Structure formats: C-alpha cells, structure tokens
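K.L.:
Got a structure for you, questions after.
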Amino acid sequence: MKPSFDILIVGIGGQGTVLASNVLGEACIIENRTVRSAETHGMAQRGGSVESHIRIDGKFGSLIVPGTADLLVAFDLLEALRYRHYLPAAGRLVVNRHLVVPTSVYQQGMDVPDEESILAALADLDVTCINAAGLAKEAGSILSQNIVMLGAASGDIPLRPETLEEAVRRCVPQKTVEVNAAAFRLGREAGERGAGTP
C-alpha cells in the first residue's frame, strides 16, 4: 500500500488552485496528519497552468510522480486533459465543466477542442463533472468555484468533511467565510450525487 494519498489540483492562474491546496494543508494540520505540498506556476497571471501537489501522510518529497496520483481535481476541462497522465488507468478525476481555450490556440489557427471531445478523451477515467459556476453563484459568489470543487472532491479525500469545512473557514478571507462554507457544502452534495457525470 502506498504510504501517502496524493492529490493533484490543476487549473488556470486566478482560479484558486493554491487556496484549495492551502485548505487541504490546513485540514491535515487540524487532524494532526503529515502533509507535503508544492505548487508550480506557468505564467499563472496570464492564464497559464497552475498545479498544486498535495501528499497527505507523505514523508518523502512533495511532488507526485506521473501515473501515481490518487485523485486529480481539475478546475478546467483542458487542464484535466493536460494532466491526465498523472492518474493511473481508470484513475479518479473530479473536473469543472468549464473550458478556457488559450488565445495562442486561436492565434496559431489550431483546432479548438469542444467539451464533448474532451470528455470523450477522458472517458477511460472515473470522472465526475461538476458545474462549479452554477453552484458558486448559488452559494453567493462566482469566485467560490474553487471551494465548490474542493467540496465535490471531498468524498474521495481521506479527511473528515467537518475538518475540511473548518479549514475552509480558516483559510478564506473573513468576509467570505459563510459564502465559501456554503460553496463547500453545495459542492459536496453535488459530488455525492455524481452531478453531471458523463
């Protein structure tokens, strides 16, 4: 058995991947669990990829080896496709039904993939697809999509849901605590239903 539970959170600069990983780290601290984490940023402020590696109960190193992640949480469909190689065959993916096509794709005249073709390319994985924008609006702020996604993935994470919600409350700005707590709960409910699973 692998000693750590490895989660890769991926998205685009500005989507809140680092905050989501901070929440997981805080939850591990609350439960007195060992955690290792690292972030890599690819021109994040310009819409580049951001990846956060979180290794719960990890003791040796903070980066996840491709093909070994236990869970991939993607805030964008293209990012799910870009990082799918971190999952083993039939690995677990929780993805936001959201698609940002980089400007460079249009500038270079490349074919623009659509949602259906991306989901078809991910069909060999265990996928749950979430409408995070809709749930975030329901919670009170479109900016809480990252916390919706964390809630949606929480059933797959070996941390207590109440611990994760407490970590959300500790990590988000004080004036947004109730909105983000609601976003987490709505995401969790959607994840339990397998909302939007292709």
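K.L.:
Quick check on region 160-168. Is at least one of its residues modelled with pLDDT of 95 or more and either within 15 Å of the chain's Cα centre (by Cα) or under 13 Å from ALA74 (Cα atoms) (or both)?
P.N.:
So far as region 160-168 goes, yes, one or more of its residues are modelled with pLDDT of 95 or more and either within 15 Å of the chain's Cα centre (by Cα) or under 13 Å from ALA74 (Cα atoms) (or both).
K.L.:
On to the next question. For residues in region 144-188 being without any contact (Cβ under 8 Å) to a residue 24 or more places away in the chain and not in a loop (DSSP other than H, G, I, E, B), which is farthest from ASP70 (Cα to Cα)?
P.N.:
Step by step, filter region 144-188, then rank; the result is LYS175.
K.L.:
How many residues, within region 44-94, are without any contact (Cβ under 8 Å) to a residue 60 or more places away in the chain, within 11 Å of ILE9 (Cβ to Cβ) and not charged (D, E, K, R)?
P.N.:
Counting residues in region 44-94 that are without any contact (Cβ under 8 Å) to a residue 60 or more places away in the chain, within 11 Å of ILE9 (Cβ to Cβ) and not charged (D, E, K, R) gives 5.
K.L.:
I'd like the residue in region 42-59 that is buried (at least 16 other Cβ atoms within 10 Å of the Cβ) and modelled with pLDDT of 90 or more and, out of all such residues, is farthest from TYR83 (Cα to Cα).
P.N.:
In this case the residue turns out to be ILE56.
K.L.:
Moving to a separate point now. If you take the residues of region 119-139 that are under 17 Å from the mean Cα position of the chain (by Cα) and part of a helix (DSSP H, G or I), which of them is modelled with the lowest pLDDT?
P.N.:
If we take residues in region 119-139 being under 17 Å from the mean Cα position of the chain (by Cα) and part of a helix (DSSP H, G or I), then LEU119 is modelled with the lowest pLDDT.
K.L.:
Somewhere in region 162-172, is a residue among the β-branched types (Val, Ile, Thr), within 20 Å of THR17 (Cβ to Cβ), surrounded by fewer than 23 Cβ atoms within 10 Å (Cβ to Cβ) and out of contact with any Asp or Glu (no Cβ under 9 Å at 6 or more places or on another chain)?
P.N.:
No: zero hits.
K.L.:
Would you check which residues across region 110-152 are crowded, with 17+ Cβ neighbours inside 10 Å, among the hydrophobic types (A, V, I, L, M, F, W, C) and within 16 Å of ARG84 (Cα to Cα) and list them?
P.N.:
Of everything in region 110-152, those that are crowded, with 17+ Cβ neighbours inside 10 Å, among the hydrophobic types (A, V, I, L, M, F, W, C) and within 16 Å of ARG84 (Cα to Cα) turn out to be ILE118, LEU119, LEU122, LEU125, VAL127, CYS129.
K.L.:
I need every pair where a residue in region 5-32 that is under 14 Å from LEU164 (Cβ atoms) has its Cβ under 6 Å from the Cβ of a residue that is among the hydroxyl-bearing types (Ser, Thr, Tyr) and not in a helix (DSSP H, G or I), sequence separation at least 6 or different chains.
P.N.:
ILE9/SER52; SER21/SER37; SER21/SER52; GLY25/SER37
K.L.:
Right, here's the next one. Out of region 171-193, which residues are basic (Lys, Arg) and closer than 22 Å to VAL94 by Cβ?
P.N.:
If the condition is that a residue be basic (Lys, Arg) and closer than 22 Å to VAL94 by Cβ, then ARG185, ARG188, ARG193 are the ones that fit.
K.L.:
Next up: Name, by its number, the condition in (1) under 30 Å from ALA120 (Cα atoms); (2) touching a helix residue (DSSP H, G or I) at 6+ places or on another chain (Cβ under 6 Å) that does not hold for VAL168.
P.N.:
With (1) under 30 Å from ALA120 (Cα atoms); (2) touching a helix residue (DSSP H, G or I) at 6+ places or on another chain (Cβ under 6 Å) applied to VAL168, the lone miss is (1).
K.L.:
Can you pull out every residue in region 78-106 that is at pLDDT below 85 and among the hydroxyl-bearing types (Ser, Thr, Tyr)?
P.N.:
THR103, SER104, TYR106 - these are the residues of region 78-106 that are at pLDDT below 85 and among the hydroxyl-bearing types (Ser, Thr, Tyr).
K.L.:
Now for a separate question. Restricted to region 13-41, and to residues that are among the hydrophobic types (A, V, I, L, M, F, W, C) and not in a helix (DSSP H, G or I), which residue is surrounded by the fewest Cβ atoms within 10 Å (Cβ to Cβ)?
P.N.:
Here the answer is ALA38.
K.L.:
While we're on this one: Give me a count of the residues in region 1-32 that are more than 17 Å from the chain's Cα centre (by Cα) and modelled with pLDDT under 95.
P.N.:
Qualifying residue count, region 1-32: 4.
K.L.:
Out of region 72-102, which residues are part of a strand (DSSP E or B) and under 13 Å from GLU51 (Cα atoms)? Working first, answer last.
P.N.:
Start the filter on region 72-102 by keeping residues that are part of a strand (DSSP E or B), which leaves 72-74, 92-96.
LEU72, VAL73, ALA74 - these are the residues of region 72-102 that are part of a strand (DSSP E or B) and under 13 Å from GLU51 (Cα atoms).
The values are calculated or read from the model by the stated rules, or taken from the named source; none is laboratory data. These numbers come from a predicted model, not from an experiment. Reconstructed Cβ throughout: ideal geometry from the backbone, glycine too, with neighbour counts over all protein chains shown.
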